[in-house]
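As structure tokens, the structure follows; a few thoughts come after it.
The values are calculated or read from the model by the stated rules, or taken from the named source; none is laboratory data. Note that this is a predicted model, so its numbers are computed, not measured. Using ideal geometry, Cβ is built from the backbone for each residue, glycine included, and neighbour counts are taken over all protein chains shown. These accessible areas exclude ligands, DNA and RNA; they are computed on the full protein's heavy atoms, side chains included. Shrake-Rupley method; radii C 1.70, N 1.55, O 1.52, S 1.80 Å.
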Amino acid sequence: MTEKMTEIRCADAPPPGGHYVQAMLHRDTLYVSGQLGVTRDTPDPAAVPVAEQVSFALANIAAIGRVVGAEIDDIVRCTIYVTDVAHWDEVNRAYAAFFGAHRPARSIVPCGPLHFGALVEIEAVVAASA
């Protein structure tokens, strides 16, 4: 039997730009769609350095998680898509600065071009507490 899934919307994160939701809650697990390194006030990632894109994307994930009562330490897994392996060190530094001592499971996947000239896109799995 499949339990109902709940679409999660967060006004503090940029709205979806296609046929998907910001996140989907199933039982106590939140699946956050890929977040580009933008904010509602900075919609053009091409004008933002890669480290800031990482910070913006992770902040969007954290904001979406808060909708279901989750905190940064509840982020279980991240997948980071990066357009150039030359950015990996900078991405890793920004990621480590954001999480501090918390270390979610993670993959970094090299990929082709991303929408709007973004250098990174990050998706996440979050343990929901609400």
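Go through the range 1-35 residue by residue and tally those that are polar (S, T, N, Q) and open to solvent by 70 Å² or more (accessible area, probe 1.4 Å). The total comes to 1.
Would you pick out the residues in the range 36-49 that are open to solvent by 10 Å² or more (accessible area, probe 1.4 Å) and closer than 12 Å to Glu121 by Cα? Passing the criteria: Leu36, Val38. Residue count for the range 74-130, restricted to those that are assigned to a loop (DSSP other than H, G, I, E, B) and of a type in the set (S, T, N, Q): 2.
Every test in (1) in contact (Cβ under 8 Å) with a residue 12 or more places away in the chain; (2) among the charged types (D, E, K, R); (3) under 24 Å from Ser129 (Cβ atoms) is passed by Arg103 save one, and that test is (1).
Rundown of residues vs (1) of a type outside the set (Gly, Ala, Ser); (2) under 18 Å from Ile80 (Cβ atoms); (3) in a loop (DSSP other than H, G, I, E, B), yes/no style:
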position: Glu7; (1), (2), (3): yes, no, no
position: Ala13; (1), (2), (3): no, yes, yes
position: Gly18; (1), (2), (3): no, no, yes
position: Met24; (1), (2), (3): yes, no, no
position: Leu30; (1), (2), (3): yes, yes, no
position: Gly34; (1), (2), (3): no, yes, no
position: Asp41; (1), (2), (3): yes, no, yes
